[in-house]
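What follows is a short report on a single structure.
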Amino acid sequence: MNTTKAHTIEQLRKDILPLQGFKPVAGDSGFDGGLGFIKQAFPGASFPLAAIHEFFCTGEEDVSASAGFIAGIVSAIMRKGGVTLWICSSQMIFPPALKAFGIEPDKIIFIYLQKEKEILWAMEEALKCEGLAAVIAQTQEISFTASRRFQLAVEQSRVTGFIIRRNPRNLATTCVTRWKITPLSTNTENDLPGLGVPRWNVELLKVRNGTPGNWQLEWAKGRFRHVYKLASINSEGQRKTG
């Protein structure tokens, strides 16, 4: 592909993005959500703000892992101010623990609702509030129509939404990205007793106009950090440094 053709295709992609809900947020050009080099997977190498992101979970461990991973992204979004609304059916988050992700607990408003239709209604109304930095909701099901309403809301308010879904049946939504976050075992520094830093296997299953991928990340020293494999086995079965 020659340079002129490649430039034309790239320009067409940029022109199409606003038609699909990817409208640049002022001052956030190249925003990576704190994910560093993973931003290359997103359209325009920028984590999609003012969009809806969904996370698929199969058990409580995945829910907790997704919540931690989202907290890391939201901490980056909140650096310019604003508060976040977290909607769920029970208190699964220990607010002071959010400080480990750079979030002051008083900057998160928790709303506890029992019925899924109430959670979806609250999320839609919250996504219309321009003063919020982000909205997080935990619910199993969401219809295509509801997800479309969410997307229309964030295109106006410029708020970013996250949905944590456990064993969903309906997979047809308009969400911009779809993730699967699973916990990984960790090591403590200098092999001392205790708990290690949060570590996850991160699967970006779907990203509109982007490139899905799989990475291993951990949260250490206030940021996401890539977990490099120290060794691998080559085709002859010999161990080599990776």
Subject >> Inter-label distance, nm, simple model (7 Å from Cα along the C-beta direction), V197/Y112 >> reply: 3.3
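How long is the gain from R223 to T58 if the chain were fully straight, where each residue apart is worth 0.36 nm and the alpha carbon distance is subtracted? The partial results should precede the final answer.
Numbers: separation 165, 0.36 × 165 = 59.40 nm, distance 2.60 nm.
So the chain would gain 56.8 nm between R223 and T58.
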**OP:** Only residues of the range 137-155 count here: report those whose backbone N is under 16 Å from the spot 7 Å along Cα→Cβ of A122, or say none.
**Re:** 137-141
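Could you sort out which of K39/K80; K128/K180; K115/K206; K39/K221; K99/K206 sit more than 22 Å apart by Cα distance in this structure? Numbers along the way, then the final one.
Values: K39/K80 19 Å; K128/K180 27 Å; K115/K206 28 Å; K39/K221 20 Å; K99/K206 30 Å.
Long pairs (Cα-Cα over 22 Å): K128/K180; K115/K206; K99/K206.
Among the DSSP beta bridges whose two residues both lie in the range 46-227, what percent are antiparallel, rounded to the nearest 5? Don't jump to the answer; show the numbers that get you there.
Details: 17 of 42 bridges.
Roughly 40 percent of the beta bridges in the range 46-227 run antiparallel, per DSSP.
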Original post:
Using the count of nearby Cβ atoms within 10 Å as a rough guide to exposure, how do L205, L132 rank from fewest to most?
Top reply: L205, L132
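Rank these for me by crowding, F110, F31, going from fewest to most other beta carbons within 10 Å.
Working: F110 15, F31 20.
By the 10 Å Cβ count, ascending: F110, F31.
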Subject >> Fully extended contour minus Cα-Cα distance, from T182 to A100, at 0.36 nm per residue >> reply: 27.6 nm
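Can you put V202, V74 in order, fewest other beta carbons within 10 Å first? Walk me through the intermediate numbers first.
On the way: V202 22, V74 25.
Result, fewest neighbours first: V202, V74.
Each reported figure results from applying straightforward, stated rules to the coordinates on display, with no laboratory input. Bear in mind the structure is a predicted one, so any value in this text is a computation, not a measurement. When we count neighbours, we look across all protein chains shown, and the Cβ atoms used for this are built from the backbone with ideal geometry, even at glycine.
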